[in-house]
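Novice: My structure is below; once you've seen it, I'll send some questions.
The values are calculated or read from the model by the stated rules, or taken from the named source; none is laboratory data. Predicted model, so just to flag it, every value in this text is computed and none were measured. Note that we place each Cβ from the backbone using ideal geometry, even for glycine, and neighbour counts take in every protein chain shown. SASA here: full protein model, heavy atoms, side chains in, ligands and nucleic acids out. Shrake-Rupley method; radii C 1.70, N 1.55, O 1.52, S 1.80 Å.
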Amino acid sequence: MTLLKQFTGWATDSNRTPKQMFQRLRCRFLLTYLTVMATVLGMSSIAVYVFFTRSHEQHLNNQLLTLAQAAVPSLNAVKTEGLQSVNQDLPWRELFKRDQSLEWFDANGKILARKGKIFSTLPLKRTNQNIQQQGQIRTLTIAVYSDSQSSVVADSLQRLELEGYIRANESTKEIESAIARLVIGLGVGNAIALIFMAIGAVLLTQQTLEPIEKSFQRLKEFTADASHELRNPLTAISTAIEVMQSHPERVHPSDAKKLVAIASAADQLVSLSEDLLFLARTDAVVAPPAGWKYLYLNEILYNVVELFKPYAQEKGIVLKLQLIPSILVNSEPAQLKRLFANLVDNALKYTITGGSVIISMVQQKRYVVVRVEDNGIGIAPEYLPFVFQRFWRADKARSPQTKGLGLGLAIAQTIAHQHGGKITVSSTLSVGSCFQVYLPTA
Ligand code: ADP
């Protein structure tokens, strides 16, 4: 039974048809694949971005340092000869570029000379070496020292004396536009890569899920064939037992009880094979219009209630019907009867003597909602997500006498789905249950 449950219940993710299950699986697979790919792409793009910006910044800083160092020998000349000395042929001139500038300061931070066009308005930072950024200008300042003999020359000691500062500036415009180009390139590249990956993912998903869908299809065919093949011998057994029971004089009294047990087991197997056959055949089919009719729902419900009245009376349960006339649904009458019969049967089965079962109808937009309400034993909240699963039954200890295979609600749900509707359940333990069937009106 467990194996059978695994096979036939596999696709029934509580409230979903196998088709919906596969669609969900496909979406999940696609989403997971794309999320992983997008994450990998995003991470590698970030790595490229960080590496690119860092190496450009490093390069810029090195360039500024080289320029500032090249201008160090000119500081004394600027101090003594003034502004015109900066135009002399000094080493820094060979390095100097259009988007750079140089500034010479004395030891007190007073500007002595400037060369270039791009200058930072930041105050001079008087440390040995520092880098500052102001808008699109990068600034590097170095302190210039000269060796001077101290008063203790006798002891051969030398002291460094601050001569001034050199500040080199450079525009970061070019780097920023290169980074912007890189970001656009990475964005466009990633978007194109994701489009190709999405196409690849769709093909991959198809290829991966195809064998699973095929094997599921084969499994359904197998279940249908096995149930079909089992039905005939089981019906033969049931008929043979009925014949034997119709001639009690021919049966040994000690065997009569065994015969009843065999008949009951055979009936259970016949209904199991029929239920399995039904589920296997209807799983893939969604609302086939052929053979369907426009029916008055109140008539179907009335017939179902009539069918269960003797059973309700026998159990001492009040069975009430609150119908709305003239509501048409497009359906297969036998299936719809089966749906409501399963629900009413359960309501009666799981309600004790003196209880009541109410079947009512309400119209909600383009749906008609049929409620099957009882004040029976109810279902524990932790079990509610499983009630529509195949072969699921609540704690058997609570209802040891109630017969059942746990397929009734699964069948009811399959029929509701086939009709383009759904079933919901609300229940409180020891208070009662309410099953609501939503069907589209014609
Ligand atoms: P079964 O043949 O066991 O009734 P169903 O699929 O019809 O199988 O129901 C599955 C389980 O859901 C039942 O075994 C029972 O535990 C629970 N159940 C269904 N209907 C009701 C109800 N009206 N009240 C309480 N429990 C219910």
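Novice: Evaluate the following for LYS403: is it more than 12 Å from the ligand (Cβ to nearest atom), assigned by TED's automatic domain parsing to the domain that holds LYS309 and touching a residue at least 40 places away in the same chain (Cβ under 8 Å)?
Specialist: Spelling it out, it is not the case that LYS403 is more than 12 Å from the ligand (Cβ to nearest atom), assigned by TED's automatic domain parsing to the domain that holds LYS309 and touching a residue at least 40 places away in the same chain (Cβ under 8 Å).
Novice: Of ASN298, ASN232, which residue is loosely packed, with under 13 Cβ neighbours inside 10 Å and outside any loop (DSSP other than H, G, I, E, B)?
Specialist: ASN232
Novice: Give the stretch 348-363 a look and list any residue that's within 14 Å of the ligand (Cβ to nearest atom), open to solvent by 20 Å² or more (accessible area, probe 1.4 Å) and of a type in the set (A, V, I, L, M), or say none.
Specialist: ILE352, ILE358
Novice: From the list GLN401, GLN413, GLN418, pick out the single residue that is in contact with a Ser or Thr (Cβ under 7 Å, 6 or more places away or on another chain) and either at pLDDT below 95 or among the acidic types (Asp, Glu) (or both).
Specialist: GLN418
Novice: Also, quick follow-up: Among (1) of a type outside the set (Gly, Ala, Ser); (2) touching a residue at least 60 places away in the same chain (Cβ under 8 Å); (3) under 30 Å from SER101 (Cα atoms), there is one condition LEU204 misses while meeting the rest; what is its number?
Specialist: (3)
Novice: Right, another one. Scan VAL372, VAL368, VAL425 and give me the residue that is outside any helix (DSSP H, G or I), touching a residue at least 24 places away in the same chain (Cβ under 8 Å) and more than 10 Å from the ligand (Cβ to nearest atom).
Specialist: Selected residue: VAL368, the only one of VAL372, VAL368, VAL425 that is outside any helix (DSSP H, G or I), touching a residue at least 24 places away in the same chain (Cβ under 8 Å) and more than 10 Å from the ligand (Cβ to nearest atom).
Novice: In addition: Tell me which residues, restricted to the stretch 251-266, are modelled with pLDDT under 85 and touching a helix residue (DSSP H, G or I) at 6+ places or on another chain (Cβ under 8 Å).
Specialist: VAL251
Novice: Here's a follow-up. Residue by residue through the stretch 316-344, note down the ones that are in a helix (DSSP H, G or I) and open to solvent by less than 50 Å² (accessible area, probe 1.4 Å).
Specialist: Correct list: PRO333, GLN335, LEU336, LEU339, PHE340, ALA341, ASN342, LEU343, VAL344.
Novice: For SER433, all conditions in the list (1) among the small types (Gly, Ala, Ser); (2) away from the ligand (no atom under 13 Å from the Cβ); (3) on the phi < 0 side of the Ramachandran plot hold save one; what is the number of the exception?
Specialist: Of everything listed in (1) among the small types (Gly, Ala, Ser); (2) away from the ligand (no atom under 13 Å from the Cβ); (3) on the phi < 0 side of the Ramachandran plot, SER433 misses just condition (2).
Novice: Of the conditions (1) under 35 Å from the mean Cα position of the chain (by Cα); (2) open to solvent by less than 10 Å² (accessible area, probe 1.4 Å), ARG366 clears all except one; give me its number.
Specialist: Condition not satisfied by ARG366: (2).
Novice: Which condition breaks for TYR165 when tested against (1) surrounded by 14 or more Cβ atoms within 10 Å (Cβ to Cβ); (2) of a type in the set (Phe, Trp, Tyr); (3) part of a helix (DSSP H, G or I)?
Specialist: (3)
Novice: While we're on this one: List the number of the failed condition for PRO333; all other conditions in (1) without any contact (Cβ under 8 Å) to a residue 60 or more places away in the chain; (2) within 16 Å of the ligand (Cβ to nearest atom) hold.
Specialist: (2)
Novice: Ok, one more. Scan SER171, SER146, SER150 and give me the residue that is closer than 30 Å to GLN132 by Cα, open to solvent by less than 60 Å² (accessible area, probe 1.4 Å) and modelled with pLDDT under 85.
Specialist: SER146
Novice: Looking at the stretch 372-398, which of the residues that are surrounded by fewer than 17 Cβ atoms within 10 Å (Cβ to Cβ) and of a type outside the set (A, V, I, L, M) is modelled with the lowest pLDDT?
Specialist: Only one residue fits best here, namely ARG398.
Novice: Quick one: how many residues across the stretch 29-59 are at pLDDT below 90 and out of contact with any helix residue (DSSP H, G or I) (no Cβ under 7 Å at 6 or more places or on another chain)?
Specialist: Of the residues in the stretch 29-59, 0 are at pLDDT below 90 and out of contact with any helix residue (DSSP H, G or I) (no Cβ under 7 Å at 6 or more places or on another chain).
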